[in-house]
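To start, the structure under review is shown below, and the notes come after it.
The values are calculated or read from the model by the stated rules, or taken from the named source; none is laboratory data. Given the structure is predicted, the values throughout are model-derived calculations rather than measurements. Remember, those area values only see protein heavy atoms, side chains included, never the ligands or the DNA or RNA. Shrake-Rupley method; radii C 1.70, N 1.55, O 1.52, S 1.80 Å.
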Amino acid sequence: MVLDDMKNTQLSFSANLIEARVFFASCLVVLMLIFASGVAVIITTHDTRQQLYALQELEQQRNALQIEWSRLLLEESSLTANGNVAEIAQSLNLQPANPETVVVLYAK
């Protein structure tokens, strides 16, 4: 009878030990998954910040190019005004082309 009780106690202890190991392994797996999730959040946040920084740089470059384009359009319109072209031509002593001296080239 005492021997049967000892065997039952050992079996019960073994079952509890197996349950404890399974519980410990499960907790370890959950902790590893939580850690992996945290690392994934950190990596994603870092990538997002890098992409946002690149976007802001591109927007600044776009704004600078738009300002330059507006300036160039204004310069073009001021230089191509009829009065300015005639004034510049006179200052350079340019004369209208003589139709007899004009050579026209045609592409083949």
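Quick one: pull the percent of accessible area on the chain belonging to carbon and sulfur, 1.4 Å probe, ligands and nucleic acids left out.
For the chain, the apolar C and S fraction of the accessible surface comes to 66 percent.
Pairwise over distinct Cα atoms, reciprocal of the mean inverse distance: report the Kirkwood radius of segment 7-108 in Å, one decimal place.
Averaging 1/r across every pair of different Cα atoms and inverting gives 22.9 Å.
Taking only protein heavy atoms into account and a 1.4 Å probe, give the accessible area per residue of the chain in Å². Provide the component values of the computation, followed by the final result.
Numbers: 10480 Å² over 108 residues.
Value for the chain: 97 Å² per residue.
Could you give the angle, 0 to 90 degrees to the nearest 10, between helix 2-79's Cα long axis and the longest principal axis of the Cα atoms of the chain?
10
Based solely on its DSSP helices, what 222 nm [θ] is calculated for the chain when runs of n ≥ 4 H residues each add -39,500 (n - 2.57) and the sum is averaged over all residues, nearest 500 deg cm²/dmol?
Mean residue ellipticity, 222 nm, calculated: -30500 deg cm²/dmol.
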